Amino acid sequence: MELIMHFPRIVLWLCFSAVLIIIGCSRRQTSENLSNSPVELTYWPAPIPQEIQLADSIVREWNSLHPDIHVRMQPIPVSQSTEEVLLAAIAGKTTPDVCSNIWPGALNEYTRAGGLVALDQFSDFDSVALSRTPQDLLMTFLTNQHYYQIPWKTNPVMMFCNVRLFREVGITRMPRTYSEYLADGAKVTRDIDGDGQTDVWMGERDVRPIWWQRLFDFFPFYIAASNGKTLFENGKVAFVNKHAYEVFAFFRACYERHYFPRTYFPAWDPFLLEKKATHFSGSWEIATIRKFAPKIEYEVVPLPIPDDHQGPVYTSGDFKNIAIFSNTKHPKESWEFVKFLLTTQHDLLLMEIADQIPIRGDLLTNPLFTVYFRRNPMMVRFAEQAVCTRSMDDAPDLKEIFDAISQQYEACAVYARKSPEDAVRDAAKQAEMIIEWNK
């Protein structure tokens, strides 16, 4: 009778105990599932269609091979510049784990903000880096005795020439020196229709005093004229010299003689419309020509150099490298993914999809690339040029310094308001002041 009276209470107790056991098991199972869930990495490639396609292909392959480390690909958010986006992300601790659009000129800002992982902390960094990149070139990416980026790709700035426009005025050899370029400019630049309007220019550059525009005229031409020197030496401004004077004087002559227009074309590219005979650009231009102007007959040659120049012709590499951000929760897994991006097969894919040159010492000797270069002979020019390239200086505030150079370029070259010597000296003074202000 007593058992019968307490039966409901016993049942309730048993039920409650069962619930606790179920909840405990459920929590333990949930905890086990969480501990066994895949690592999540975020990867930001450049917001360029070809590079998004490349990244998507590589990420899909990675995820199929590594179910325990899942990579989510998201193109860098579109803004005025990648550097602004990445600096804002570092400040807001919203960076990706890995990014493959690191401009060496902004590295100093990233490291000052504590935003990057030193990659040489990984035991196999040297073997991975040196398996692709010659040691002398790798050394140029050293920052504060550490490597915060690993070289990935280069787009040497070279000169595209419209062969038809040269041939029409009797020129069969593309210009190699300043004198040859200016002499050819007198023939190529012309009013074809006789209506008083210039129909074909020798060349053209964006005349706006925007810092990154100088990465395609003054900076690569200065590297070429100076046999591979850059703007700084031992951390100090070092471009007040005859090479910088010559570069400013060369571009000033192009504008004064009306071989270059003093205007800006926001909606169309004169080279694609065969309105200019030369264009200074990197290998990505090949994909643009193939897509928008496939009938253009063109050649790619090194940049023009001073008449007394001797030795190989250097240029800027327009490098984009790979880095891991310090905000990552999974540095080792991120490094494994970086190594996956850098395999020989993916370097081939970089060329096939994006028409860009991986930073490798064996580009023209590795049999894996033979068929590609046979099918794309114009890319051989960029592969040959890649060994004679220079990176940005490891210096702070480079964007502001290039802004200062742009202002003097406009004053001297575009509008002839200053002599080359005065413009170069004023640019150097402004650069020194910028460095001093930002110490």
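Derivation of every value follows stated rules applied to the coordinates shown; laboratory data play no part. Not measured: the values here are computed from a predicted model. Here the Cβ is made from the backbone with ideal geometry for all residues, glycine too, and neighbour counts use every protein chain on show.
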Compute the distribution of all C-alpha to C-alpha distances in segment 232-342, in bins of 5 Å from 0, and list the percent of pairs in each, rounded to whole numbers. 2, 7, 12, 13, 14, 14, 12, 10, 9, 5, 2, 0
Determine ³J(HN,Hα), in whole Hz, for all residues of segment 280-288 in sequence, where each value follows from phi through the Karplus function 6.51 cos²θ - 1.76 cosθ + 1.60 and θ = phi - 60°; x replaces Gly and Pro. 9, 7, x, 5, 4, 4, 4, 5, 5
Within straight cross-link reach of Lys295, meaning Cα distance under 22 Å, which lysines are found once same-chain residues fewer than 8 apart are removed? Lys275, Lys276
What's the magnitude of the charge dipole for segment 70-130 around its Cα centre, counting Lys and Arg as +1 and Asp and Glu as -1 at the beta-carbon? Answer in Debye, nearest 20. 240
When the chain is treated as a GNM, springs tying every alpha-carbon pair under 10 Å, which of Pro266, Pro220, Pro45 comes out with the largest mean-square fluctuation? Pro266
Read through the labelled values (1) 120, 50, 44; (2) 79, 51, 48; (3) 68, 49, 37 and report the label of the one computed as Cα extents along the principal axes in Å from the structure. (1)
Per DSSP helix of 4 or more residues, -39500 (n - 2.57); summed, then divided by the residues of the chain. What does that give at 222 nm, rounded to the nearest 500? -13500 deg cm²/dmol
Can you find, among Ile353, Tyr110, Trp211, the residue sitting farthest towards the positive end of the charge dipole of the chain, where Lys and Arg contribute +1 and Asp and Glu -1 at Cβ? Ile353
Could you size up the charge dipole of segment 241-350 around its Cα centre, putting +1 on the beta carbon of Lys and Arg and -1 on that of Asp and Glu, and report it in debye to the nearest 20? 360
Using alpha-carbon coordinates, inclination of helix 344-354 to the longest axis of the chain, degrees: 60
Taking the dipole about the Cα centre of segment 240-302, with the C-beta of Lys and Arg at +1 and of Asp and Glu at -1, give me whichever of Trp268, Tyr298, Ser281 is farthest to the positive side. Trp268
About its Cα centre, how strong a charge dipole does the chain have in debye, to the nearest 20, once Lys and Arg get +1 and Asp and Glu get -1 at the Cβ? 360
Once Arg173 and Ser79 are pulled to full extension, the length gained, defined as 0.36 nm per residue separation minus their Cα-Cα distance, is 29.7 nm
